[in-house]
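Shown next, in structure tokens, is the structure this report addresses.
The values are calculated or read from the model by the stated rules, or taken from the named source; none is laboratory data. Every value quoted in this text rests on a predicted model; they were computed, and no experiment measured them. All Cβ positions, glycine included, derive from the backbone under ideal geometry; neighbour counts span all protein chains shown. Just so you know, the surface numbers come from the protein's heavy atoms only, side chains and all, with ligands and any DNA or RNA stripped out. Shrake-Rupley method; radii C 1.70, N 1.55, O 1.52, S 1.80 Å.
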Amino acid sequence: MIRIIQYIRNTLSARICWWVLLSVTILFVAALLIMFRFSHNAIEKESLAKAEQMLNGKVMDIENMLHRVNVATTNMRWNVEQHLDDPDAMVKYTMQVVRSNPDIVGCAIAFEPNYYPQKGELYMTYAFRPEPESDEVLLSQDPTIIQPNEFKNVPYVAVNWYFIPKAENTTCWVRPHAPDDTINSTIVTCSVPLHDKEGNFIGVVASDISVEDFSSAILETKPFPDSYCAMLGVQGTYIIYPDSSYLYHKMVREVVKNEPDRRVPEMVEKMLAGEDGMYHVTMFGKDSYVLYKSLNNRHWSACMVCPGKDIFATNKRYQVYMILITLLGILFISSFCWYFVSHQLQ
């Protein structure tokens, strides 16, 4: 190294080549840094816009489906309240809701205990599809069966889809869990309270939709190879998540409470508050961009998680190519300069 330095100091051609090489290298490095900076910002902006557009599209599809189910259930409430003197008509109404709405996999009309003494203590009619896309509609009038193969021997008055709209006296979307929360339901229910002419609560009209109907579309939304989507309920429960073990008994606040990046719990609270936005955080040990958007009248929140390495994977390849080209350019200029100066001096 000392000999090289002495050679450059003592040789005019070497000194000229050194200063040319140094100047060109500084200019190339400055140009690359500026280019990388602007390309990084441009790719980040373009990639997040692409992810946001995909998320908005899926949210709109789900919103449209939820709206159709809500309208159908609300319209049926009017029919039921106009014919409370005919309990047998409830069978026809539940069948009608399921048959005329392909999004609905089951519909229940349930009444307060002893509302129809001639029908027994509990009276409910429930029409359902044996398979989500089946045209066949079956009927159950057993008040201890709410969803076949899922809820058995559980009175409907003890399940969320009935007692939550009764307690809140408003239309709501709920996971129809039993009080002990031991049943892994694959449906979400739109529950509309019923009232008599005096305004007293008398029962519930409830329409079920299958989470599987829109979870596949949500989970397949992948703008990048390792990105994924999820959907959260207002209480912090997972409605849709790639890891099915999270779906029924895990709360998002518990999952993220030990994250080193303290912006993650802050982001979760904003999601559960029904806000829209984007965070750049380190979550589960990975640099990630999280886009989130509220839906279902701010009761649910959909989010898309995009790993930073996926977003900038293409940019990094281009950076490697540009660095190689720059090094080759510097080597070529250095060789040419050395040859030209040496030749002229000789």
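Structure shown: which of LYS92/LYS119; LYS257/LYS309; LYS222/LYS309; LYS222/LYS257; LYS45/LYS309 lie over 18 Å apart, alpha-carbon to alpha-carbon?
Too far apart for the 18 Å limit: LYS257/LYS309; LYS222/LYS257.
Between MET35 and LEU328, what FRET efficiency comes out of the Förster formula 1/(1 + (r/R0)^6) with R0 = 22 Å and r the beta carbon distance, rounded to 0.05?
0.85
Cα extents of region 59-140 along the three principal axes, largest first, in whole Å?
Principal extents (Cα only, largest first): 44, 24, 17 Å.
In Å², and per residue, what accessible area does region 64-143 have when probed at 1.4 Å with the other protein chains present?
Using a 1.4 Å probe on heavy atoms only, each residue of region 64-143 averages 50 Å².
When a/c reaches 1.5 or more, the comparison of a/b and b/c decides; with that in mind, is region 163-315 rounded, prolate or oblate per its Cα gyration tensor?
In terms of gyration-tensor shape, prolate.
Quick one: which of 201-207, 252-258, 64-70 comes out on top by average Cβ neighbours within 10 Å, and what's the full order, highest first?
Averaged packing, sorted descending, gives the order 201-207, 64-70, 252-258.
How much accessible area does TRP18 have with a 1.4 Å probe, in Å² rounded to the nearest 10?
110 Å²
Between GLU81 and ALA158, what is the FRET efficiency for a Förster distance of 30 Å, r being their Cβ-Cβ separation, to the nearest 0.05?
0.80
How many percent of the accessible area of region 69-113 is carbon or sulfur, using a 1.4 Å probe?
Carbon and sulfur together cover 46 percent of it.
Using the Kirkwood radius built from alpha carbon pairs, what does the Stokes-Einstein equation give as D for region 218-267 at 4 °C and 1.567 mPa s, in µm² per second?
Reported coefficient: 109 µm²/s.
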